[in-house]
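**Student:** What follows is a single structure, and I will ask about it in a moment.
All of the numbers you see were taken from the coordinates with simple rules; none came from a lab. Computed from a predicted model, the values in this text were never measured in an experiment. Glycine also receives a Cβ, built like all others from the backbone with ideal geometry; neighbour counts cover every protein chain displayed.
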Amino acid sequence: MNLQLSGIRGALVRMSCDTLEPSLSFFVQSLGFRIEAIYPADSPSTAILSGHGLGIELVGGTADGVQSLSLLCDNPNEVAQGARELIAPNGVRIQLAWADPPMQLPETQQALVINHANAEATWSVGRAGLRYRDLLPQRHGGAFIASHIRILEGGLVPDYVHFHKIRFQMIFCRKGWVRVVYEGQGEPFLMHAGDCVLQPPMIRHRVLESSAGAEVVEIGSPAKHITIADHQMPLPNAPLPPEHDFGGQRFVFNQADKATWQPWRLPGFRVRDTGIGAATAGLAGARVVRFVKPGELTTQVSAQQHATEFCFYFVLAGQLTLSLGDASHVLQADDSVTLPGGQRYAFTACSDDLELLEVTLPDTFDTRLEALA
């Protein structure tokens with residue numbers, strides 16, 4: 001049913017009490033509500049209160065009504081001598097909550113996670129109707145999230161201007177194209193396959209439209225972060241200087257067709273850097289790694305080991321064998337692996353067209369290389 005209602009001026013929630021007093025005084029004097037109406041005059045049993053964006057119908061002598069109420073505070077720890085919950089005289093529980101919740105960053109709990117894009121892979125419906133495949137189910141204890149995201153139908157995306165309270169977040173266009181708009185970046189632009197953006201903390205943005213079957217890989221920290229709609233900021237808006245600071249980071253739009261390739265830390269591979277390391281002051285790095293075909297560069301298979309907080313690889317093309325001591329795993333396109341710090345690993349049996357997305361925290365780190373036994 002799609003009702004088209006008009007003439008609505010407000011809303012009330014009903015709250016019961018035995019008698020108006022002392023609940024009426026509590027909500028007015030202690031919680032800052034004000035009386036809008038009260039009746040009957042000779043023996044009041046109902047009062048209409050307003051405050052903090054809420055209307056309350058306080059009715060005496062009834063048993064129905066809300067049993068709890070949340071009040072949003074600048075800092076709930078500083079209200080009511082540190083109490084986070086109050087009990088009104090009518091028994092209603094008053095929860096004191098953050099009006100602007102701070103980002104919560106759990107302690108990282110690293111683990112080896114290998115995710116295959118096979119017939120058993122699970123896709124769920126997320127925000128704005130997007131399809132999500134969770135690449136890191138245990139989330140490193142809640143410290144990180146990695147998602148493979150699909151937009152099934154092309155055209156306009158039912159998104160809205162929003163921002164995230166995050167430590168780190170990047171989007172890599174896997175297939176197709178996506179048209180997006182970002183705060184301070186001028187007119188909307190297209191992300192094509194191979195392009196990526198760094199979304200600094202709190203930057204306003206919106207996904208506008210996409211090609212049919214477009215896909216992206218999204219990496220973020222922490223895993224559970226708040227998405228907040230911004231109904232006030234219009235996008236697009238005026239461009240800001242490239243060095244503009246968004247929560248300690250700069251915006252990055254890295255385009256694959258403008259990339260330069262350099263030797264990677266392993267012989268036999270080339271790498272293109274996305275600029276995310278510099279834009280985050282070394283917090284995180286993202287690179288595309290490509291295997292060099294035999295004959296173009298002398299290759300030597302090396303095992304590597306490094307102390308990273310987060311190390312993630314997504315297979316963009318081709319295949320390889322991931323060697324982990326006595327175990328080995330074949331990884332193909334759309335498979336991913338997240339490696340705990342200190343894990344010894346090697347890439348072997350690489351196909352000529354192998355290409356990987358590598359995301360690490362921090363951006364740079366010492367790597368111990370040794371010949372693969």
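**Student:** Want the number for residue 74 to residue 262: 0.36 nm per residue separation, take away the alpha-carbon distance, what's left?
**Tutor:** Full extension of this stretch gives 62.8 nm more.
**Student:** I need to check one value: relative contact order of the stretch 13-98, counting alpha carbon pairs closer than 8 Å and at least 6 residues apart, in percent.
**Tutor:** About 31 percent, as a whole number.
**Student:** Would you kindly state how much longer the chain becomes between residue 281 and residue 11 on full extension, computed as 0.36 nm times their sequence separation minus their alpha carbon distance, in nm to one decimal?
**Tutor:** Contour length minus Cα-Cα distance gives 92.4 nm.
**Student:** Still on this structure: Return the FRET efficiency for the residue pair residue 230, residue 255: r is the Cβ-Cβ distance, R0 is 30 Å, and the value is rounded to the nearest 0.05.
**Tutor:** My answer for the efficiency is 0.70.
**Student:** If the cut-off is a Cα-Cα distance under 20 Å, which lysines reach residue 175, setting aside same-chain residues fewer than 8 apart in sequence?
**Tutor:** Of all the lysines, those that pass the test against residue 175 - Cα under 20 Å, at least 8 places apart if same chain - are 258.
**Student:** Here is a further query. By its C-alpha gyration tensor, with a ≥ b ≥ c as the square roots of the eigenvalues, how is the stretch 114-231 shaped: rounded for a/c under 1.5, else prolate for a/b larger than b/c, else oblate?
**Tutor:** Oblate.
**Student:** Here's another thing I want to ask about it. Computed FRET efficiency, Cβ-Cβ of residue 368 and residue 107, R0 25 Å: what is it to the nearest 0.05?
**Tutor:** Taking R0 as 25 Å, the efficiency between residue 368 and residue 107 is 0.50.
**Student:** Roughly what would the spin-label model give for residue 36 and residue 212, points 7 Å off Cα along C-beta, in nm?
**Tutor:** Once both label points are built, they end up 5.0 nm from each other.
**Student:** For residue 84 and residue 358, FRET efficiency with R0 = 35 Å and r from the beta-carbon atoms, rounded to 0.05?
**Tutor:** Once rounded, the FRET efficiency stands at 0.25.
**Student:** Shifting gears a bit: Order the peptides 82-90, 54-62, 255-263 from the highest to the lowest mean number of other Cβ atoms within 10 Å of their residues.
**Tutor:** Most protected by this proxy first, the peptides run 54-62, 82-90, 255-263.
**Student:** Sketch the reach of a paramagnetic label on residue 152 as a point 7 Å from Cα along Cα-to-Cβ, and name the residues of the stretch 178-217 whose backbone nitrogen lies under 12 Å away.
**Tutor:** Under 12 Å, as judged by backbone N against the label point of residue 152, lie 213 of the stretch 178-217.
**Student:** Under a crude label model (7 Å from the Cα following the beta-carbon direction), how far is residue 324 from residue 100 in nanometres?
**Tutor:** Between residue 324 and residue 100, the label points sit 4.2 nm apart.
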